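Q: Before we start, here is the structure in question, set down as structure tokens.
The numbers here are math on the coordinates, done by the rules we state, and not lab data. In this text the structure is predicted, and so the values were computed from the model without any measurement. Using ideal geometry, Cβ is built from the backbone for each residue, glycine included, and neighbour counts are taken over all protein chains shown.
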There are 10 protein chains.
Amino acid sequence: MLFKVEMTVNIPASLPAEQADEIKAKEKAYSQRLQREGKWLHIWRVVGQYANVSIFDVADNQELHLLLTGLPLYPYMDISVQPLCAHPSSIHNA
Amino acid sequence: MLFKVEMTVNIPASLPAEQADEIKAKEKAYSQRLQREGKWLHIWRVVGQYANVSIFDVADNQELHLLLTGLPLYPYMDISVQPLCAHPSSIHNA
Amino acid sequence: MLFKVEMTVNIPASLPAEQADEIKAKEKAYSQRLQREGKWLHIWRVVGQYANVSIFDVADNQELHLLLTGLPLYPYMDISVQPLCAHPSSIHNA
Amino acid sequence: MLFKVEMTVNIPASLPAEQADEIKAKEKAYSQRLQREGKWLHIWRVVGQYANVSIFDVADNQELHLLLTGLPLYPYMDISVQPLCAHPSSIHNA
Amino acid sequence: MLFKVEMTVNIPASLPAEQADEIKAKEKAYSQRLQREGKWLHIWRVVGQYANVSIFDVADNQELHLLLTGLPLYPYMDISVQPLCAHPSSIHNA
Amino acid sequence: MLFKVEMTVNIPASLPAEQADEIKAKEKAYSQRLQREGKWLHIWRVVGQYANVSIFDVADNQELHLLLTGLPLYPYMDISVQPLCAHPSSIHNA
Amino acid sequence: MLFKVEMTVNIPASLPAEQADEIKAKEKAYSQRLQREGKWLHIWRVVGQYANVSIFDVADNQELHLLLTGLPLYPYMDISVQPLCAHPSSIHNA
Amino acid sequence: MLFKVEMTVNIPASLPAEQADEIKAKEKAYSQRLQREGKWLHIWRVVGQYANVSIFDVADNQELHLLLTGLPLYPYMDISVQPLCAHPSSIHNA
Amino acid sequence: MLFKVEMTVNIPASLPAEQADEIKAKEKAYSQRLQREGKWLHIWRVVGQYANVSIFDVADNQELHLLLTGLPLYPYMDISVQPLCAHPSSIHNA
Amino acid sequence: MLFKVEMTVNIPASLPAEQADEIKAKEKAYSQRLQREGKWLHIWRVVGQYANVSIFDVADNQELHLLLTGLPLYPYMDISVQPLCAHPSSIHNA
């Protein structure tokens, strides 16, 4: 089941750089694990912003919520979620 | 070069159903041709709306503009375009 | 799987009253069938507006899209969809 | 008398974690007491957000205001309230 | 139980003037009847606009919905509703 | 001359509780004095918010500005002002 | 008593040009009469738009409402009103 | 050449009162000097807000930018600028 | 004197295609004449939209207003204007 | 390939002036280097704001992202990006 998720990161200036780097490293590992498991299908950088556009493929809403709130950068993110489904014109639905 | 494109369709009630169906058939063929050519990478339906979220892979801005304004449903669409690029956490960039 | 769906109805003045009444009757029957099937859990009227707040319980995004686009009043509706999941404070989750 | 209430929680980073946990525990107990009393009919988590969609059933506006401002997390919440009433298509009104 | 209701009237140019005048006359009579019954406490004109700010005092949400949807000008109105309650600084609460 | 004034209060967490209480006490006395003088006709609490909807009756714009900027809580308020006048349907204008 | 009034004109394409010209001529005469009477202090064109920024000097809210709703172009205008008063830095207040 | 400029002042609570008063005194002197030079034609207070509506008459865009960024309160202001020109209905254009 | 002007074109479906084409041809000629005169410095197409971003270099606000309202497509345009000036980092200011 | 980029700078008051000046000097040098390389075609100041409107000419989205995130003031900027292409009326396309 597919969802578009848009995440914008706002790390406060008061967070020590070392701590921020540690969280970002965890974020990257977390993201790549979910990508390899086939749950985080796509992640693209939005040009000029500390933000991404992502596509998730999950079993249900509950799993998506757990994956998103488990993001190491979650406390510093604005997240919007939009449910998607198959488009009748897609050649991948035939 | 990747772009997220979001399209919302508003076909006026005054358009005869037969004419609308003809345009939609052309739109589907047009979309599927671009998908097969690898320029329209993804198209998903937004749940509950006559709208889609798409990813285009084009040579440059000019090509994207030509592809979008060539859509048979273009006169009835609201379109927003967001340039994307590789995300450092993507496993597809390694 | 739960979704909050908000629907606002805008029937154009140009639609003949008889035809509008027929569509509304179909809408009511359609809604009540889905309620009896347990897919449309709740529907409340928004005070002062031709609008409702609803809760759907569906198998997946695709089913929700089919149910919503099948609404007899769908061509005259603005629809927004928000995915929900269990709240840890709910007494219905124990 | 029914109301849809949407609450978004913003706990400032400056609040010590221990104190935040204490408030959250009180919030959960408070919410569950109101749910058992039949005043807080539903509470759902919004996917990907520290937010909920709730339905309250109260005697009047005054009671709703007292219940909401009594929330232990109230000082950290954005709250919106929308009055609801019976929908003519609901099968629960017959 | 008090509500602030804001109404903005948009009568389409296509409505014949005679018919519009008839509806406005009915609206005035309807409003004044509710004012005399003590349900429509206040109505003020917004300066420079075909709009009003009103205060209703009703038994419950359902009654407010019935009163508002019964307005002769209802089909041509944008309506927003905000539940109110006693303010602790009001001298009318002592 | 009537104005609708909407005030939303945002007291920063950094303000000591004792000082906040003192300001609120002054605010209440100030408000009640103006109510008794017939300048602050109505004050209602907005359900679920630290906000009010008020009606002022003042000699002119200048007096309203002085009354509002004299509010003890003024530095912590968002204020919006809307000029009102008699509505032709009001039974209080006859 | 001063007010800033912003007016945007939207004359529908369906209004015959001759009729539109007649209304505009009446509008100009109406505006200039009020300017000569000292009630419409200033009127400036917004660059690139069929809109103006105006300053009115009236006895009270009621008079302003009558002047604005008496505008020949009133049925085709969006109007916003903002009450003004003397600024302590103005050299015209000394 | 005329511009409408709207300024809203937000002095942070952390600025010592003495320093704020000094800046405000400089602001007043600066504003009055420009008014006497005929560059700052009008300044009005927005009722209920720490904000003003102003009209500037300057040689060109560059001069306006220099005047605005030279405001002693500039670092604490939100500023919006709208270019104006002569209105054909103005009696001051004849 | 520089201005950024953004224009979005909305030609109504009711305008006959032949008439629309005639207006567009006039628009192109008008635009190119102003470009050759050095008053319309730049015009770019916004990707995916019937809209442009333009830079004008004019003597004053009045001239810009005359140029914009003289556009053959003006009755079908939404226009926004933003005054610009020299940037201290520009290498063209040295 | 052309993009319109709008940047608004918000330097927090907590940043020491000396450090801010150093960053601004680096920003100016960085900007001028890109201008000389032909990648940052235009930069204009928005009148009355610490903001600019810029036109970039880059090889692709990725390069634009690298240039923008490399801005010394990037951590203090709000940035919006809009892809542009040739306009059929431009005299520079012949």
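Q: Averaged over its residues, how many other protein chain Cβ atoms are within 10 Å of peptide A:75-85's Cβ atoms? Working shown, then result.
A: Working: counts 3, 1, 2, 2, 4, 2, 7, 10, 16, 11, 12.
Mean inter-chain Cβ contacts per residue within 10 Å come to 6.
Q: For the stretch J:2-84, report the % of Cα-Cα distances exceeding 14 Å.
A: Details: 2171 of 3403 pairs.
Pairs farther apart than 14 Å: 64 percent.
Q: What's the exposure ranking of E:Leu68, I:Leu66, going from fewest to most Cβ atoms within 10 Å? If you can, show how the numbers build up before the last one.
A: Numbers: E:Leu68 21, I:Leu66 12.
Fewest to most other Cβ atoms nearby, the residues stand as I:Leu66, E:Leu68.
Q: Between the stretch B:30-52 and the stretch E:1-75, what is the separation of their alpha carbon centroids in Å?
A: 46 Å
Q: Please get the size of the charge dipole for the protein assembly as shown, origin at its Cα centre, with Cβ charges of +1 on Lys and Arg and -1 on Asp and Glu, quoted in debye to the nearest 20.
A: Working: 80 positive and 100 negative charges, 0 e Å.
My answer is approximately 0 debye.
Q: When chain H is turned about an axis onto chain J, which of its residues keeps its C-beta closest to that axis, and how many Å is it?
A: H:Ser14, 8
Q: Residues of the stretch J:75-94 with backbone nitrogen within less than 14 Å of a virtual label 7 Å along the Cα-to-Cβ line of I:Gln32, please, listed as ranges.
A: J:87-94
Q: A further question on this structure: I'd like the mean, over residues of D:49-62, of how many other protein chain beta carbons sit within 10 Å of each residue's own Cβ. Intermediate results must be reported in sequence, preceding the final value.
A: Details: counts 9, 4, 2, 4, 7, 3, 4, 1, 0, 1, 2, 8, 15, 8.
Mean shielding by partner chains, rounded to a whole number: 5.
Q: Now for a separate question. More than 42 angstrom separation, counting every C-alpha pair in the protein assembly as shown; what % is that?
A: Details: 198256 of 441330 pairs.
When all Cα pairs of the protein assembly as shown are counted, 45 percent exceed 42 Å.
Q: Let me ask something additional. Please report F:Asp60, J:Asp21 as a ranked list, fewest other C-beta atoms within 10 angstrom at the top and most at the bottom.
A: On the way: F:Asp60 16, J:Asp21 11.
By the 10 Å Cβ count, ascending, the order reads J:Asp21, F:Asp60.
Q: Go through chain G and name the GluC sites (Glu not before Pro) that are in a DSSP coil and have 15 or fewer other Cβ atoms within 10 Å of their Cβ. List each step's numbers first, then the result.
A: Details: sites: G:Glu6, G:Glu18, G:Glu22, G:Glu27, G:Glu37, G:Glu63; in loops: G:Glu37.
The qualifying sites are G:Glu37.
Q: Next up: With springs only between Cα atoms under 10 Å apart, run a GNM on chain J and tell me which of J:Pro16, J:Pro72, J:Pro83 wobbles the most.
A: J:Pro16
Q: Moving to a separate point now. So what J values fall out for the stretch G:18-32 if you push phi through Karplus, 6.51 cos²θ - 1.76 cosθ + 1.60 with θ = phi - 60°, rounded to Hz, Gly and Pro as x?
A: So the Karplus estimates, Gly and Pro as x, are 4, 5, 4, 4, 5, 5, 5, 5, 5, 4, 4, 5, 4, 4, 5 Hz.
Q: Would you calculate, for chain I, the mean residue ellipticity at 222 nm contributed by helices, counting each DSSP H stretch of 4 or more residues as -39,500 (n - 2.57) and dividing by all residues, to the nearest 500?
A: When only DSSP H runs of four or more count, the value is -10000 deg cm²/dmol.
Q: Right, next: About the Cα centre of chain G, how large is the charge dipole given +1 on each Lys and Arg Cβ and -1 on each Asp and Glu Cβ? Please answer in debye to the nearest 20. Intermediate results must be reported in sequence, preceding the final value.
A: Numbers: 8 positive and 10 negative charges, 45 e Å.
Once rounded to the nearest 20, the dipole reads 220 debye.
Q: Would you mind ranking I:Lys26, F:Lys4 so that the residue whose beta carbon has the fewest other beta carbons within 10 Å leads the list?
A: Values: I:Lys26 13, F:Lys4 19.
Fewest-to-most ranking of I:Lys26, F:Lys4: I:Lys26, F:Lys4.
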